[in-house]
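A.B. asks: Take a look at the following structure, please.
The values are calculated or read from the model by the stated rules, or taken from the named source; none is laboratory data. Computed from a predicted structure; not experimentally measured. Here the Cβ is made from the backbone with ideal geometry for all residues, glycine too, and neighbour counts use every protein chain on show. With ligands, DNA and RNA removed, areas are computed over all heavy atoms of the protein, side chains included. Shrake-Rupley method; radii C 1.70, N 1.55, O 1.52, S 1.80 Å.
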Amino acid sequence: MRTTVKVYLKDKRGNKDWFITPINLPEQEAHENYIGKWFNMGRETDHMMKCWKVETLKVEK
């Protein structure tokens, strides 16, 4: 099972970002894998952002 999701992120100041990624998990597990997790979205310095929402874009069996 492969699920493509859009992961929504927010930092402590309220700035938002997102990314789209495929993951080899069923839809529910894919959501659970990202929700509440922190990601470093910085390029030159650290910019930690927390996932607050996951949207399913495609599910392949």
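A.B. asks: How large are Rg and Dmax for the chain when calculated on the C-alpha trace, in angstrom?
C.D. replies: Here Rg and the maximum Cα pair distance are 12.1, 39 Å.
A.B. asks: Reachable aspartates and glutamates from residue 53, Cα under 16 Å, same-chain residues fewer than 8 places away excluded?
C.D. replies: 11, 17, 27, 29, 32
A.B. asks: List the lysines whose Cα lies under 26 Å from the Cα of residue 50, skipping any in the same chain that are fewer than 8 positions away.
C.D. replies: Leaving aside lysines fewer than 8 places away in the same chain, those within reach of residue 50 are 6, 10, 12, 16, 37, 58.
A.B. asks: Could you give the size of the charge dipole of the chain about its Cα centre, using +1 on the Cβ of each K and R and -1 on the Cβ of each D and E, expressed in debye and rounded to the nearest 20?
C.D. replies: For this selection, approximately 180 debye.
A.B. asks: Which one, 57, 31, 15, projects farthest toward the positive side of the charge dipole computed for the chain from Cβ point charges (K/R +1, D/E -1)?
C.D. replies: Looking along the dipole axis, the top candidate is 15.
A.B. asks: Okay, moving on. For the chain, with all protein chains present and a 1.4 Å probe, just round the carbon and sulfur fraction of the accessible area to a whole percent.
C.D. replies: C and S atoms contribute 46 percent here.
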